[in-house]
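The values are calculated or read from the model by the stated rules, or taken from the named source; none is laboratory data. Keep in mind that this is a model prediction, so the values were computed, not measured. Cβ atoms come from the backbone with ideal geometry, glycine included; neighbour counts cover every protein chain shown. For accessibility, only protein heavy atoms count, side chains too; no ligands or nucleic acids. Shrake-Rupley method; radii C 1.70, N 1.55, O 1.52, S 1.80 Å.
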Amino acid sequence: MLKADLQPRYPPASVAWLIWGLGAGFFLLGFFHRVAPAVLHRELSLDFGLSAATLGSLSALYFYSYAAMQVPTGLLVDRLGPRRLLLGGLLVSTVGALIFAFAPDLIWAGIGRFLIGGSVSVAFVCTLKLATHWLPAHRFSMAIGLLLVAGMLGAVFAGVPLQFASGMFGWRAVTVAAAGVGLLLGLVVWLMV
(Lines give C-alpha, C1' and ligand atoms only; values in the text may rest on other atoms or scores of the structure.)
Protein backbone atom coordinates (compact mmCIF):
# COMPACT_ATOMS: atom_id res chain seq x y z
CA MET A 1 0.00 0.00 0.00
CA LEU A 2 1.26 3.43 -0.89
CA LYS A 3 1.38 6.22 1.64
CA ALA A 4 -1.00 8.26 -0.55
CA ASP A 5 -3.62 5.48 -0.20
CA LEU A 6 -3.66 5.95 3.58
CA GLN A 7 -4.48 9.66 3.35
CA PRO A 8 -8.16 10.48 3.79
CA ARG A 9 -9.86 11.73 0.66
CA TYR A 10 -11.83 14.93 0.89
CA PRO A 11 -14.37 16.37 -1.51
CA PRO A 12 -13.51 19.44 -3.57
CA ALA A 13 -12.78 22.43 -1.38
CA SER A 14 -15.73 24.41 -2.75
CA VAL A 15 -18.18 21.67 -1.72
CA ALA A 16 -16.53 21.19 1.68
CA TRP A 17 -16.64 24.90 2.48
CA LEU A 18 -20.24 25.13 1.28
CA ILE A 19 -21.28 22.35 3.67
CA TRP A 20 -19.32 23.99 6.48
CA GLY A 21 -20.95 27.31 5.52
CA LEU A 22 -24.42 25.93 6.20
CA GLY A 23 -23.50 25.29 9.81
CA ALA A 24 -21.76 28.66 9.99
CA GLY A 25 -24.92 30.29 8.64
CA PHE A 26 -26.88 28.74 11.47
CA PHE A 27 -24.29 29.98 13.97
CA LEU A 28 -24.62 33.47 12.45
CA LEU A 29 -28.41 33.25 12.78
CA GLY A 30 -28.03 32.16 16.40
CA PHE A 31 -25.95 35.23 17.23
CA PHE A 32 -28.50 37.40 15.47
CA HIS A 33 -31.23 36.00 17.71
CA ARG A 34 -28.96 36.36 20.75
CA VAL A 35 -28.38 40.09 20.29
CA ALA A 36 -31.75 41.10 18.80
CA PRO A 37 -33.63 41.85 22.07
CA ALA A 38 -30.97 44.34 23.12
CA VAL A 39 -31.50 46.24 19.88
CA LEU A 40 -35.29 45.89 19.99
CA HIS A 41 -35.59 46.83 23.67
CA ARG A 42 -37.84 49.81 23.02
CA GLU A 43 -40.20 47.93 20.70
CA LEU A 44 -40.43 44.90 22.98
CA SER A 45 -40.99 47.05 26.05
CA LEU A 46 -43.83 48.92 24.35
CA ASP A 47 -45.51 45.82 22.87
CA PHE A 48 -45.38 43.74 26.02
CA GLY A 49 -45.33 46.50 28.66
CA LEU A 50 -41.97 45.37 30.03
CA SER A 51 -39.78 46.94 32.66
CA ALA A 52 -36.02 46.76 32.20
CA ALA A 53 -35.83 43.81 34.60
CA THR A 54 -38.57 41.88 32.79
CA LEU A 55 -36.92 42.54 29.44
CA GLY A 56 -33.67 41.20 30.89
CA SER A 57 -35.49 38.07 32.06
CA LEU A 58 -37.04 37.61 28.62
CA SER A 59 -33.62 37.89 26.98
CA ALA A 60 -32.09 35.53 29.55
CA LEU A 61 -34.45 32.68 28.58
CA TYR A 62 -32.35 32.28 25.44
CA PHE A 63 -29.19 31.80 27.52
CA TYR A 64 -30.79 29.40 30.02
CA SER A 65 -31.81 26.95 27.33
CA TYR A 66 -28.59 27.54 25.35
CA ALA A 67 -26.44 26.66 28.36
CA ALA A 68 -28.59 23.67 29.29
CA MET A 69 -28.14 22.18 25.82
CA GLN A 70 -24.33 22.32 25.67
CA VAL A 71 -23.60 18.86 27.10
CA PRO A 72 -26.52 17.09 25.38
CA THR A 73 -25.47 18.68 22.08
CA GLY A 74 -22.07 16.99 22.18
CA LEU A 75 -23.67 13.64 22.90
CA LEU A 76 -26.40 14.10 20.30
CA VAL A 77 -24.07 15.13 17.49
CA ASP A 78 -22.05 11.95 18.02
CA ARG A 79 -25.19 9.82 18.14
CA LEU A 80 -27.40 11.46 15.49
CA GLY A 81 -24.84 13.18 13.30
CA PRO A 82 -24.60 16.84 12.35
CA ARG A 83 -27.16 16.68 9.53
CA ARG A 84 -30.07 15.58 11.70
CA LEU A 85 -29.09 17.80 14.59
CA LEU A 86 -28.64 20.88 12.39
CA LEU A 87 -31.92 20.22 10.65
CA GLY A 88 -33.75 19.73 13.96
CA GLY A 89 -32.13 22.83 15.43
CA LEU A 90 -33.05 24.94 12.43
CA LEU A 91 -36.65 23.75 12.46
CA VAL A 92 -37.09 24.33 16.19
CA SER A 93 -35.43 27.76 15.98
CA THR A 94 -37.80 28.64 13.14
CA VAL A 95 -40.79 27.60 15.25
CA GLY A 96 -39.38 29.55 18.20
CA ALA A 97 -38.85 32.67 16.08
CA LEU A 98 -42.40 32.44 14.74
CA ILE A 99 -43.82 32.02 18.25
CA PHE A 100 -41.78 35.02 19.36
CA ALA A 101 -42.87 37.09 16.35
CA PHE A 102 -46.56 36.39 16.84
CA ALA A 103 -46.53 36.32 20.66
CA PRO A 104 -49.64 38.00 22.07
CA ASP A 105 -48.09 38.28 25.53
CA LEU A 106 -44.92 37.85 27.54
CA ILE A 107 -45.44 34.13 28.22
CA TRP A 108 -45.52 33.24 24.54
CA ALA A 109 -42.57 35.54 23.84
CA GLY A 110 -40.63 33.73 26.57
CA ILE A 111 -41.51 30.32 25.11
CA GLY A 112 -40.26 31.50 21.72
CA ARG A 113 -36.99 32.81 23.17
CA PHE A 114 -36.47 29.60 25.14
CA LEU A 115 -36.95 27.47 22.01
CA ILE A 116 -34.63 29.66 19.98
CA GLY A 117 -31.84 29.48 22.57
CA GLY A 118 -32.00 25.71 23.01
CA SER A 119 -32.14 25.04 19.29
CA VAL A 120 -29.36 27.35 18.12
CA SER A 121 -27.06 25.86 20.74
CA VAL A 122 -26.36 22.97 18.37
CA ALA A 123 -24.88 25.19 15.64
CA PHE A 124 -21.33 25.52 16.95
CA VAL A 125 -20.70 21.86 17.78
CA CYS A 126 -22.39 20.62 14.60
CA THR A 127 -20.33 22.96 12.47
CA LEU A 128 -17.15 21.74 14.13
CA LYS A 129 -18.25 18.17 13.40
CA LEU A 130 -18.89 19.09 9.76
CA ALA A 131 -15.40 20.62 9.59
CA THR A 132 -13.81 17.39 10.84
CA HIS A 133 -15.69 15.35 8.23
CA TRP A 134 -15.44 17.62 5.22
CA LEU A 135 -12.22 19.59 5.61
CA PRO A 136 -8.61 18.44 5.89
CA ALA A 137 -7.17 18.59 9.40
CA HIS A 138 -4.86 21.48 8.51
CA ARG A 139 -7.95 23.64 7.77
CA PHE A 140 -9.67 22.98 11.10
CA SER A 141 -8.27 25.98 12.98
CA MET A 142 -9.15 28.28 10.08
CA ALA A 143 -12.67 26.83 10.06
CA ILE A 144 -13.03 27.60 13.78
CA GLY A 145 -11.76 31.15 13.33
CA LEU A 146 -14.12 31.77 10.42
CA LEU A 147 -16.97 30.28 12.42
CA LEU A 148 -16.37 32.84 15.15
CA VAL A 149 -16.32 35.56 12.47
CA ALA A 150 -19.71 34.28 11.26
CA GLY A 151 -21.08 34.58 14.79
CA MET A 152 -19.81 38.13 15.11
CA LEU A 153 -21.39 38.98 11.75
CA GLY A 154 -24.69 37.76 13.18
CA ALA A 155 -24.24 40.19 16.06
CA VAL A 156 -23.43 42.97 13.56
CA PHE A 157 -26.60 42.22 11.56
CA ALA A 158 -28.54 42.42 14.83
CA GLY A 159 -27.22 45.95 15.33
CA VAL A 160 -27.84 48.86 12.99
CA PRO A 161 -29.31 46.75 10.14
CA LEU A 162 -31.87 45.23 12.52
CA GLN A 163 -32.74 48.63 13.98
CA PHE A 164 -33.18 50.04 10.47
CA ALA A 165 -35.30 47.08 9.27
CA SER A 166 -37.37 47.16 12.44
CA GLY A 167 -38.06 50.85 11.93
CA MET A 168 -39.20 50.21 8.37
CA PHE A 169 -41.13 46.95 8.75
CA GLY A 170 -41.63 46.40 12.48
CA TRP A 171 -39.83 44.00 14.79
CA ARG A 172 -42.37 41.23 14.24
CA ALA A 173 -41.91 41.22 10.46
CA VAL A 174 -38.13 41.18 10.85
CA THR A 175 -38.37 38.24 13.26
CA VAL A 176 -40.58 36.38 10.75
CA ALA A 177 -37.93 37.09 8.10
CA ALA A 178 -35.26 35.62 10.41
CA ALA A 179 -37.48 32.56 10.82
CA GLY A 180 -37.66 32.34 7.03
CA VAL A 181 -33.87 32.39 6.82
CA GLY A 182 -33.77 29.51 9.31
CA LEU A 183 -36.30 27.55 7.29
CA LEU A 184 -34.36 28.14 4.08
CA LEU A 185 -31.12 27.03 5.76
CA GLY A 186 -32.92 23.94 7.02
CA LEU A 187 -34.05 23.06 3.52
CA VAL A 188 -30.53 23.42 2.15
CA VAL A 189 -29.08 21.36 5.02
CA TRP A 190 -31.64 18.63 4.31
CA LEU A 191 -30.73 18.60 0.61
CA MET A 192 -26.95 18.93 0.83
CA VAL A 193 -25.46 17.73 4.11
Only Cα pairs within less than 10 Å get springs; with that Gaussian network setup on the chain, which residue of Met168, Met69, Met152 has the largest fluctuation? Met168
Can you check what the net charge comes to around Leu135, using other residues whose Cβ is under 14 Å from the Cβ of Leu135 (Lys, Arg +1; Asp, Glu -1)? +3
For the Cα atoms of the chain, what angle does the longest principal axis make with the long axis of helix 82-101, in degrees from 0 to 90, nearest 10? 10 degrees
Can you tell me the 0 to 90 degree angle between the C-alpha axis of helix 106-120 and the longest principal axis of the chain, rounded to 10? 10 degrees
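Once you keep just the Cα pairs under 8 angstrom separated by 6 or more residues, what percentage relative contact order results for the stretch 62-187?
Here the relative contact order equals 35 percent.
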³J(HN,Hα) computed for each position of the stretch 43-60 - Karplus, 6.51 cos²θ - 1.76 cosθ + 1.60, integer Hz, glycine/proline x: 5, 5, 5, 5, 5, 9, x, 9, 7, 4, 5, 5, 4, x, 5, 4, 5, 5
Which of Gly81, Gly89, Gly182 moves the most in a Gaussian network model of the chain with Cα springs under 10 Å? Gly81
So for the pair Leu18, Ser57, with labels modelled 7 Å out along Cα→Cβ, what separation do we get in nm? 4.8 nm
When the accessible area of the chain is split by element with a 1.4 Å probe, what percent falls to carbon and sulfur? 74 percent
What's the long-distance tail for the stretch 19-88, i.e. % of Cα pairs beyond 15 Å? 64 percent
Send over the per residue convex hull volume for the stretch 93-193, Cα only, as a whole number of Å³. 97 Å³
Translational diffusion coefficient (Stokes-Einstein; Kirkwood radius from C-alpha pairs) of the chain at 10 °C, 1.306 mPa s, in µm²/s: 92 µm²/s
